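Colleague: Below you will find the structure I want to go over with you.
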């Protein structure tokens, strides 16, 4: 992990994101970011017991205290890493949890997270995860994510728009960005199908899409959240025109 900061900088990246930094000391991560001139763009809040099947805590009944603690830990790391975005995962409530009750819990927890993070100048993100990849996830598509944001009604709650998940749901990607530009705080990309590089072998014309997103006025980051076919650096040919590779 610690070697990846230098590798990212050598490849031309100016910013990095990684899911869960909590197994490494924040000071050590901050030092690597500083040494290689990188911006920590985004982190996820602790998701619960990942190996046990948890995919977030925000919509999980009976775990409000654990959720609050997870947000506190995420804020500590974001503050140490000078990171302005925290993605809060909703979770997979499962049976016999009532989905409406889970939605109420989700709304209340997100308002809490948004308030706590706002005190530190950190934005809270939520993301839709498609049902094929994450069955039962509380936020399955962009429309549901937008409804959650609107229901919470907090100005510090934003959408992490993952182009891969949206494409897997059959959504119109550019329309999804245009319709939600007012609440999009971060974008991620991967090729469809397979979640590999967003290159000519995938179903998304990412060059045209990126140009169109620029034309809409989006000025945030686009994170490369994919599984390389033959190695990270070897698979960066698609990004050479952006100074990466």
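The values are calculated or read from the model by the stated rules, or taken from the named source; none is laboratory data. Nothing here was measured: the structure is a model prediction, and the numbers come from that model. Reconstructed Cβ throughout: ideal geometry from the backbone, glycine too, with neighbour counts over all protein chains shown.
Colleague: Going by the structure shown, is residue 124 surrounded by 20 or more Cβ atoms within 10 Å (Cβ to Cβ) and assigned to a helix (DSSP H, G or I)?
Modeller: On the way: surrounded by 20 or more Cβ atoms within 10 Å (Cβ to Cβ): yes; assigned to a helix (DSSP H, G or I): no.
In short, no.
Colleague: For the range 159-187, give me each residue that is under 26 Å from residue 54 (Cβ atoms) and in contact (Cβ under 8 Å) with a residue 40 or more places away in the chain.
Modeller: 160, 162, 163, 164, 169, 185, 186
Colleague: Run residue 178 past the list (1) over 16 Å from the mean Cα position of the chain (by Cα); (2) assigned to a helix (DSSP H, G or I); (3) under 23 Å from residue 71 (Cα atoms) and report the number of the one that doesn't hold.
Modeller: It is condition (3) that residue 178 fails.
Colleague: Does the range 99-116 contain at least one residue that is within 15 Å of residue 63 (Cα to Cα), modelled with pLDDT of 95 or more, outside any helix (DSSP H, G or I) and touching a helix residue (DSSP H, G or I) at 6+ places or on another chain (Cβ under 6 Å)?
Modeller: no
Colleague: Here's a follow-up. Out of all the residues in the range 58-66, is one or more under 17 Å from the mean Cα position of the chain (by Cα) and either surrounded by fewer than 19 Cβ atoms within 10 Å (Cβ to Cβ) or closer than 27 Å to residue 29 by Cα (or both)?
Modeller: Yes, the conditions are met somewhere in the range 58-66.
Colleague: Let me ask something additional. Give the residues of the range 149-169 that are over 14 Å from residue 190 (Cβ atoms) and either out of contact with any strand residue (DSSP E or B) (no Cβ under 6 Å at 6 or more places or on another chain) or outside any helix (DSSP H, G or I) (or both), sorted by residue number.
Modeller: Taking the range 149-169 and keeping what is over 14 Å from residue 190 (Cβ atoms), we get 149-159.
Within the range 149-169, 150, 151, 152, 153, 154, 155, 156, 157, 158, 159 meet the criteria.
Colleague: Another question, if that's okay. For the structure I just gave you, tell me whether residue 111 is farther than 18 Å from residue 137 by Cα, more than 16 Å from the chain's Cα centre (by Cα) and free of Cβ contacts under 8 Å to residues at least 60 places away in the same chain. First the steps, then the outcome.
Modeller: On the way: farther than 18 Å from residue 137 by Cα: yes; more than 16 Å from the chain's Cα centre (by Cα): yes; free of Cβ contacts under 8 Å to residues at least 60 places away in the same chain: yes.
Taking the combined requirement at face value, the residue satisfies it.
Colleague: Search the range 88-106 for residues being surrounded by fewer than 24 Cβ atoms within 10 Å (Cβ to Cβ) and in contact with a strand residue (DSSP E or B) (Cβ under 9 Å, 6 or more places away or on another chain), and hand back the single one that is farthest from residue 150 (Cα to Cα).
Modeller: Ranking the qualifying residues of the range 88-106, first place goes to 92.
Colleague: Same structure again: Being more than 26 Å from residue 153 (Cβ to Cβ), surrounded by 20 or more Cβ atoms within 10 Å (Cβ to Cβ) and in contact with a helix residue (DSSP H, G or I) (Cβ under 9 Å, 6 or more places away or on another chain) is true for just one of 223, 176, 191, 200. Which residue is that?
Modeller: Working: 223 fails: in contact with a helix residue (DSSP H, G or I) (Cβ under 9 Å, 6 or more places away or on another chain); 176 fails: more than 26 Å from residue 153 (Cβ to Cβ); 200 fails: surrounded by 20 or more Cβ atoms within 10 Å (Cβ to Cβ).
Going through 223, 176, 191, 200 in turn, just one is more than 26 Å from residue 153 (Cβ to Cβ), surrounded by 20 or more Cβ atoms within 10 Å (Cβ to Cβ) and in contact with a helix residue (DSSP H, G or I) (Cβ under 9 Å, 6 or more places away or on another chain): 191.
Colleague: I'd like to know if the range 89-103 contains one or more residues that are in contact (Cβ under 8 Å) with a residue 60 or more places away in the chain and under 20 Å from residue 187 (Cα atoms). Write out each step before concluding.
Modeller: Start the filter on the range 89-103 by keeping residues that are in contact (Cβ under 8 Å) with a residue 60 or more places away in the chain, which leaves none.
Within the range 89-103, none of the residues are in contact (Cβ under 8 Å) with a residue 60 or more places away in the chain and under 20 Å from residue 187 (Cα atoms).
Colleague: Which numbered condition trips up residue 214, out of (1) within 22 Å of residue 41 (Cβ to Cβ); (2) touching a residue at least 12 places away in the same chain (Cβ under 8 Å); (3) part of a helix (DSSP H, G or I); (4) more than 16 Å from the chain's Cα centre (by Cα)?
Modeller: The failed condition is (2).
Colleague: Determine the pairs where a residue that is within 10 Å of residue 196 (Cβ to Cβ), located within the range 220-242, has a partner that is part of a strand (DSSP E or B) and modelled with pLDDT of 95 or more with Cβ atoms under 8 Å apart, the partner being 6 or more residues away or on another chain.
Modeller: Sorted first by the residue in the range 220-242, then by its partner, the pairs are 226/189.
Colleague: Scanning for something closer than 29 Å to residue 45 by Cβ and within 16 Å of the chain's Cα centre (by Cα), does the range 192-203 turn up at least one residue?
Modeller: yes
Colleague: How many of the residues in the range 226-239 are assigned to a loop (DSSP other than H, G, I, E, B) and surrounded by fewer than 18 Cβ atoms within 10 Å (Cβ to Cβ)?
Modeller: The first filter runs over the range 226-239 and keeps only residues assigned to a loop (DSSP other than H, G, I, E, B), leaving 226-235.
After this cut, where a residue has to be surrounded by fewer than 18 Cβ atoms within 10 Å (Cβ to Cβ) as well, the list is 227-234.
Here the count works out to 8.
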